[in-house]
Amino acid sequence: MTHPVAAHRDALRIKFLTPAQVRAHLARDPRLIVPVGTTEQHGPHLPLGCDTIIVERLASDLSAEFGVLAAPTVEYGVNAGTEEPFAGSAGLRRKTLHRLMNDLVGSWEAGGVREFVILTAHGQDPHQEALSTLRTREAVVRTVDIFAIPLSQENGPDDVPVHGGPVDTSLLLYIDGGLVARDQARDFLPTPREARRYRHGGPRAIPRGSPGSFGLPTTATADEGARLYGLIYDRIASRVFRREPA
């Protein structure tokens, strides 16, 4: 794990910069990190912004270490369908997210961005399809699903969706443990069919009987979160940022 402690405090967030400052940064490095989260339940023990908190922290640390601009976080994505609504959850349709992101990258490209690094922590197919098919005039778009990186979970089977399980919970315990209601965590192992249904999306992606999450969140630890964060961070850093911009 190579990123500096609390590096996120030195992130180059464009919402705090003037147009002239952004232009000067883009002249040196024309890349822009765009974190895309969700506002979605992840079980009774995690905050609705679980995905958002994870990608926002990654974007900030990467921005600080590599001197790359970071966009404001897009806090809505294509949520998993549930039989009953969860208070506070709010999402977009695939076409809506696709249109929103195309509008945003189009504006930023017109202002000088030549490469986009889209970070997301939500692995459902409709969400990924919306982000991986963005259109630009010339700019390169690199969509990074952080959970597509092999994580070799220490707690629970690897074929269970990440949603609200030990990976999400461990990462949140590492990033900000005060956000995790550990006494509310409930384990739930889906059948293979239920796991496939979640990944493909649809109105009943979260099966009846699930607390809103999958896997064994009761086994999560902050130490495991630190290990996972370091693995994810270093893989993204080495494959995306430790090279010349496109």
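Nothing in this text is a laboratory measurement; each read-out follows from the coordinates by a stated rule. From a predicted model like this one, the values you see are computed outputs, not experimental measurements. Backbone-built Cβ (ideal geometry, glycine too); neighbour counts: all protein chains shown.
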* Asked: Using the beta-carbon distance between Thr191 and Arg99 and R0 = 25 Å, what value does 1/(1 + (r/R0)^6) give for FRET efficiency, to the nearest 0.05?
  -> 0.10
* **CD proxy at 222 nm, helix term only [per DSSP H run n ≥ 4: -39500 (n - 2.57); per residue of the chain; nearest 500]** => -11000 deg cm²/dmol
* To do: Note the full-extension length gain between Glu83 and Asp176 as 0.36 nm times their separation in residues minus their Cα-Cα distance, in nm to one decimal.
  => 30.5 nm
* Structure fact -> Karplus-derived 3J(HN,Hα) from phi for the stretch 210-219 (6.51 cos²θ - 1.76 cosθ + 1.60, θ = phi - 60°), whole Hz, x at Gly and Pro, runs 6, x, x, 9, 10, x, 10, x, 5, 8
* Structure fact -> Under a Gaussian network model of the chain whose springs join Cα atoms within less than 10 Å, the largest fluctuation of Phe214, Phe188, Phe116 belongs to Phe188
* To do: Could you compute the FRET efficiency for Glu129 and Ala27, with r as their C-beta to C-beta distance and R0 at 30 Å, rounded to 0.05?
  => 0.35
* Simple spin-label model, 7 Å along Cα-to-Cβ: Asp183 to Ala110 in nm? -> 5.3 nm
* Structure fact -> By the Kirkwood definition, with r running over pairs of different Cα atoms, the stretch 2-100 has a hydrodynamic radius in Å of 14.9 Å
* Search the structure for amide H atoms under 5 Å from the amide H of Val141, placed 1.01 Å from N in the peptide plane, and list their residues when 5 or more places away or on another chain. => Phe116
* May I ask you to evaluate 6.51 cos²θ - 1.76 cosθ + 1.60, the Karplus curve with θ = phi - 60°, for each residue of the stretch 186-193 and list the ³J(HN,Hα) values in order in whole Hz, giving x for glycine and proline? => 10, 7, 7, 9, x, 6, x, 5
* Asked: Near the amide H of Leu12, under 5 Å away, which other amide H atoms are found, from residues 5 or more places off or on another chain, if H is placed in the peptide plane?
  -> Ala64, Ala70
